[in-house]
Amino acid sequence: MPELPEVETVRIGLIDTVIGKKVLEVELIGAGRGVALEGSELNGLEIIDVKRYGKYLMFSFSNDVSMISHLRMTGQYIHVDSRALSNLDKKGHDKHTRVLFRFSDKSGLLFNDQRKFGTMELMNESEVDSYFASRKLGDDALFIDYDLFLSNVSKRANVAIKTALLDQKVIAGLGNIYAIELCYLIGVLPSTLVKNLKETKLKKLYSHIAPLLLVAIKNNGTTFDGKYVTTNGEAGKFSSFLKAYGKKSCGTCGSDIVKTKLNGRGTYHCPKCQR
Ligand SMILES: [Zn+2]
């Protein structure tokens, strides 16, 4: 499931490829639930900007139209140039394509989504703030300040630290992979209750968040199951930097990494380096 670094990589790819493009038409190929578009509302509008908050993408169109999109499990935005799009039109579209934006320059943007949990919602630019406020999201993981992080985490005293990090109301953008990596980096078992962590540990945890995410973004994020790709359709390269997630042995001490389940999510830790 794409987390902050993967969504940010997609955002950067969209900035490079679709800013300034004018929508000719939007085809709802296999849209299904979660895609709240009629199709014609965006005709003639230009994409002005793409922003991100946590794991959400926010497309700004001309006429103050915004589209908020969440990739959920398997959503992908793939930019195709005019030649690639005309080839797809001849060959037939991928069965996982839910939406196709056709631009006036004959290029396109595909929204592919195998599991179909991804979402797209249109609203006026002025409604975006209240959309996020109603979800009570914590500040974005790249920008949250320490005092707010500490205060939000401390409200989850009886919750496992990894579970608290996954709570988008505590901090927005972290998911299973980066929460597991953060627990490894501070030498703490993911199941440790927040109340059993000293403030020095929480401070150390905080100090690792932005650096970890920034290195992941630099490497185009983590592709693990092949579902997440960049807007060019390429895999992210951060999986080779992971220390605990999906690993067989600990890169620090050589012990076997242990896989457990914590609140239903697959979790990895080193029994020697994490206590
Ligand atoms: Zn170890």
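So the values come out like this:
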{"quantity": "Search result, residues across region 264-275 that are free of Cβ contacts under 8 Å to residues at least 40 places away in the same chain and more than 15 Å from the ligand (Cβ to nearest atom)", "calculated": "Gly264"}
{"quantity": "Of residues in region 130-169 being closer than 25 Å to Gln274 by Cα, of a type in the set (A, V, I, L, M) and within 16 Å of the chain's Cα centre (by Cα), the one surrounded by the fewest Cβ atoms within 10 Å (Cβ to Cβ)", "calculated": "Leu142"}
{"quantity": "Hits in region 44-66 (condition: charged (D, E, K, R) and assigned to a loop (DSSP other than H, G, I, E, B))", "calculated": "Lys55, Asp64"}
{"quantity": "Filtered residue count, region 98-115, keeping only those that are charged (D, E, K, R) and either in a helix (DSSP H, G or I) or crowded, with 18+ Cβ neighbours inside 10 Å (or both)", "calculated": "3"}
{"quantity": "Single unsatisfied condition, Ser69 versus (1) closer than 16 Å to Leu28 by Cβ; (2) in a loop (DSSP other than H, G, I, E, B); (3) among the polar types (S, T, N, Q)", "calculated": "(2)"}
{"quantity": "Residue in region 190-210 that is more than 15 Å from the ligand (Cβ to nearest atom), assigned to a loop (DSSP other than H, G, I, E, B) and of a type in the set (A, V, I, L, M, F, W, C) present", "calculated": "yes"}
{"quantity": "Residue identified as in the same structural domain as Lys22 (by TED's automatic domain parsing) and crowded, with 20+ Cβ neighbours inside 10 Å among Gly54, Gly92", "calculated": "Gly54"}
{"quantity": "Tally of residues being closer than 27 Å to Ser239 by Cβ, among the hydrophobic types (A, V, I, L, M, F, W, C) and not in a helix (DSSP H, G or I) across region 1-22", "calculated": "1"}
{"quantity": "Pick from region 248-263, criterion more than 9 Å from the ligand (Cβ to nearest atom) and either basic (Lys, Arg) or open to solvent by less than 80 Å² (accessible area, probe 1.4 Å) (or both), ranking: nearest to Leu166 (Cα to Cα)", "calculated": "Leu262"}
{"quantity": "Selected residue (criterion: modelled with the lowest pLDDT) from residues of region 22-69 that are basic (Lys, Arg) and under 30 Å from Ile171 (Cβ atoms)", "calculated": "Arg33"}
{"quantity": "Residue in region 217-230 that is more than 16 Å from the ligand (Cβ to nearest atom), more than 16 Å from the chain's Cα centre (by Cα), open to solvent by less than 20 Å² (accessible area, probe 1.4 Å) and assigned by TED's automatic domain parsing to the domain that holds Ala164 present", "calculated": "no"}
{"quantity": "Lone unmet requirement of (1) among the small types (Gly, Ala, Ser); (2) within 16 Å of the ligand (Cβ to nearest atom); (3) open to solvent by less than 50 Å² (accessible area, probe 1.4 Å) for Gly233", "calculated": "(2)"}
{"quantity": "Given (1) in a strand (DSSP E or B); (2) free of Cβ contacts under 8 Å to residues at least 40 places away in the same chain; (3) acidic (Asp, Glu), index of the condition Glu25 fails", "calculated": "(2)"}
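The values are calculated or read from the model by the stated rules, or taken from the named source; none is laboratory data. Bear in mind that the values here come from a model prediction, so they are computed numbers and not experimental data. Note: ideal-geometry Cβ built from the backbone for every residue, glycine included; neighbour counts use all protein chains shown. These area figures cover heavy atoms from the full protein model, side chains too; ligands, DNA and RNA do not enter into them. Shrake-Rupley method; radii C 1.70, N 1.55, O 1.52, S 1.80 Å.
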